[in-house]
Structures are given as C-alpha cells and as structure tokens.
Amino acid sequence: MVAAAAPSGDHNLIHRMAMDDPIPWWKKPNLRAMYLLLFPCVIGIEMTSGFDSQIINSAQLLPAWKSYFGYPTGAYNGILASALPLGSVIGLPLIPLVNDTFGRRWCIMFGSCVMVIGTLIQGFAINGVMYILARGIIGFGLPYAIVAGSCLIGELGYPKERPILTSLFNACYFIGAIVAAGCTFGTQQIPNDWSWRIPSFLQMAPSLLQIAFVFFLPESPRYLMSKDRFEEAEAVLIKYHAEGNPESEFVRAEIAEIKATLEIELENSKRSWMDLVRTAGMRRRVVIGSLLGLFTQLSGNVVISYFLGDVLKLIGYTDPAFQAKYNLGNQCWSLVCGVSAALVVMRFRRRTMYLTGIFSILAVYVAWTICTAVFIVDRSDIAAKLSLFWIYAFSPAYNLCFNALTYTYLIEIFPYAQRARGISIFQFWGKAAQFFGTNVNPIGTQAIGWKYLLVYCCWIAVEAILIWFLWPETSGRSLEELAFLFENREDFAQRAENAVTKTVLHLDSDKNSNQEKQAVEQQEKV
C-alpha cells in the first residue's frame, strides 16, 4: 500500500478563501478572544500529561518519595509509573458516546473533574496501592479531556490557523513538564513527605483551569449541526470566522460545505465502533491511528520522560542535583522545540515533516547508543558528554513529527462522524504502549543496560519504513474535503464541493444583481 498522492493545495475553494484572507487573526477581535481563551481551557489539557511524566521522573530523584514507597525498583517501579495509562485504557470505550452525545465542552468538564478527584487522592496517598489507584483515576479522566479538546480545537479554529492550533495542543505537554520538574527541584530541599505531596497536588492545576473556563468557549459548530442546531452553529461561525458579518461569503460557503459533508457522513454511518472496520478507507485510517499511537510512545521518548535518572546513571551521572537540573533544562529545551515545530507546520507538507523527524530520531538514537556503549566499555568522559548532547538532540527530532503533527494529522484523517472514535483508538494504542514502556523500560535497562537502547534503534527503523509506505499527504485541504481522503467516491467529494460552489455563485449572483440595481437607480437620478 503506497501513500496517497499529495494534494495540489489550491483546488479546494474553502482552503483558498481562508488562505487568501489578508487580515491576520490578531486583528480580528472575536477570533483573537477565542484563541486566547482556547489556551487555558483546551490547549492546556496536555499540560496534565507533561506534569505527570515529570511527577514520576522527578519523584524518583526524591529521597523522601523513594523511602515512603519502599525504594521501588523493577516491576513495582514500573506499575507506579504506568498506572495512569492503564486507567486511560479502561476509560476509552465510552469517550465517543460522551463526546458525541453531550458535546465537546461537557466531555472536557467530565474528564477534568475526574482528574481533580484523582489528584487529591494522589496527594493524600498513604501507601503504594492508594498512590497507584489515584494515578489510575487521573488516567481515566485524561483521555476524555484530550479527545474532546483536540476535536474542539480543530472544529472551532479558522482554517488558516487550524494546523498551528492543533500542533500547539501537544506542545503544551512541556509546560506541564517544566512546572513539575521545577517544582520538584525546589521541593527536594524539604526533608519530609511534602517534597512529593506538593507537586502531586499541583497536578490538578490544568484541570481546574479547564473547569473554570471551558463553558466560556462556544461549542463545536460541527457538533451543533449534527444535532440539527443549525442556527446556533451558524451564529458561532458568523461571530468567530466572520467577525459578526452574517453576509460573509466565506462563512456561507463554510456552512454549506459542513452541512453537505455531515449529511453524506451520517447517511453512510451508523455512528458505532463497527464503522471503523466497515470500509477499506476506515480500516486504513484505523491502522494509521493505531500505529501513530504506538509510535508516539515507543520511539524512545518514554525512556527519557520517565526514566531519565536510570539513563544518566548508565553514563556516570549519579548526583541527584545534577539529574534534576539536567531534566529541567531538557524540558525547557523541549518546549522551545515543540512550539517552534508547531509554528512552522503550515510551511511544510505533512509527509516531509514526518519523514524528516523519524529519520532524525533514528540517527540520534544510533549515535546515543554508540556513545553510551563507548563510555561503559572505555569509561570515556567525552562519550558521556556526547550522550548528554544526544539526549537533548532527541527533542527537536521527536517534536518535528510526533509532537507537532499528532493531533493535526488525526483530526485531518478522521471524518467528523468517526473523529472521536478515531482519536480514542489512537489514545488506546498510545496509552497501551506507554503502559508497556513504563513497565518494560526499567526491567530492560536493569537487565541488559545500554544494549536495551539497541532495541529502540531497530524499532525506530521499522517505524520509518511504515511511515514511508502508509502515511498520506493531507496538507492544503479543508476538514470536509479530507473526509473522503481514502474513499474512491468522487461523487461524495463532488457533492460537497458543489454545495460550496453553488453557495458562492448564488452570493456572487446576488451581489451582481444588487450592483446592477444600484447602477440603474443612479442612472435614473442622473
């Protein structure tokens, strides 16, 4: 199976109209207000994931945490870290039902409330079992917010900025990671259990922001139209995509395309999980979404995110203070890389970014593995320092593809009717891979040391081959046009395009008629 042909990028009317808009978003008051509001209540959802990775990574550097939980190693250490993804896997099946029945905002609210409850239990944990249970509860609520939030960003954003917004969604992971790493670095000076309890309580901060602000955002216009609430959907699009102008040609065309595409999708969908395997096109989407979930967690990033302390010990850096500073610096560097990758996503094609990123990850991992092996064999200080460099070099490579493009790509390949289920499938495989990695990595590094990195080198090479052959190009198209990316149904695509063209031509006809009428009236006055 080869990748689909890349789009020309200029044949979709909606996309052309959006890209030709000369007014930037910051000069549009309504759109600017919505984008600024998106950050605390939607884009910031992934801060919880980043916070969590560093809670475990940094906590393992705290003497009080290790003492309280009995100096966990091996499988016990793994389950302390992996309880969150295990909880996520358990909660995934019902996400599409909540998301598509009650709306994106209520799904975010539900997930955020569950995470607050889990965080409180985590902070007050009196033993390992309670700590594991609390992390499972946080994990249960997290994907509800992630799936709904990523859908809402893609469906509310103006087409010109949509890929950047969905790319920033994942970049916020590092804000949470930085806060957690910095907080734990500060609290390590506390000589009691509060050194890890304070960061544990702070993990609820992103969820509290979402609870406080999410209902200030409008609901997804596509969700509203799917529930026959057309007037509300039109009001949202007019206010934010046309700055309150009900005669906007772009919004009228956008409404026509969304309405026509939803009608086609809902006519050919039973809105069930079976839709994901009913056609060849949907099966290919599921394969890509599943592989993307695996790749985002099995490309060597979990080793750095959750077990950096073990990795640094392999190359002779055992001082907890150095490990904490290095970890904090790495998270700050990763934020810079993540935001930078998100801001250039409109400049490059999707396949170009994915392939450049995955081959860069492979090169970094091979170099890192070689340097670590040289240090262990020869005790070379230069090799150890180069290993520190390659760990930092991993971040721009990983962010270029798996961070910047993940939700942008998922929202583009899955049509509205199956978008929540598609992202849930991605979350399932991602969290399952995270659960596997957090349990296996400490065992692998303990058993075979640096040779465990060779496993990742081989696996990343397999990822590169699969991306080359399976990943289609999606840039330069509207969400509605991409709904038929894998279906050889030109009639569906043409039906949606005809609805847009007809609307635009009708508006042009009305405009010309009004101009002719005004000209006649002016002539009569003369």
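A compact table of results
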quantity	calculated
Ranked packing of 224-233, 313-322, 424-433, most packed first, by mean Cβ within 10 Å	424-433, 224-233, 313-322
FRET efficiency, residue 352 to residue 190 (Cβ-Cβ, R0 30 Å, nearest 0.05)	0.05
Accessible area, probe 1.4 Å, largest first, for residues 365, 76, 173	76, 173, 365
Label-to-label distance, nm, for residues given as residue 20 and residue 466 (7 Å Cα→Cβ offset)	4.1 nm
Estimated FRET transfer efficiency (residue 332, residue 97; beta-carbon r; R0 30 Å; 0.05)	0.15
Inter-probe distance in nm under a simple model that places probes 7 Å from Cα toward Cβ, at residue 130 and residue 227	3.9 nm
Two-site FRET efficiency, residue 67 against residue 245, from Cβ-Cβ distance with R₀ of 56 Å, rounded to 0.05	0.30
Order by protection proxy (mean Cβ within 10 Å, highest first), peptides 138-144, 474-480, 248-254	138-144, 474-480, 248-254
Cα gyration tensor category, rounded, prolate or oblate, for the stretch 321-371 with a/c compared to 1.5	oblate
Inter-probe distance in nm under a simple model that places probes 7 Å from Cα toward Cβ, at residue 379 and residue 451	2.2 nm
Links that overshoot a 21 Å alpha carbon limit, given the list 66/385; 28/239; 66/431; 239/270; 227/259	66/385; 66/431; 239/270
Distance-filtered residues of the stretch 103-136 - backbone nitrogen under 14 Å, label point 7 angstrom along residue 30 Cα→Cβ	none
Centre separation in Å (Cα based) which lies between the stretch 316-380 and the stretch 147-198	19 Å
Estimated 222 nm signal from helices in the chain, with DSSP H stretches of n ≥ 4 weighted -39500 (n - 2.57), rounded to 500	-25000 deg cm²/dmol
Sequence ranges 338-348, 402-412, ranked by mean other-Cβ count within 10 angstrom, highest first	402-412, 338-348
The chain: relative contact order as a whole-number percent, Cα under 8 Å and 6+ apart	26 percent
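The values are calculated or read from the model by the stated rules, or taken from the named source; none is laboratory data. Given the structure is predicted, the values throughout are model-derived calculations rather than measurements. Positions of Cβ are generated from backbone atoms using ideal geometry, with glycine treated the same way; all protein chains shown enter the neighbour counts. These area figures cover heavy atoms from the full protein model, side chains too; ligands, DNA and RNA do not enter into them. Shrake-Rupley method; radii C 1.70, N 1.55, O 1.52, S 1.80 Å.
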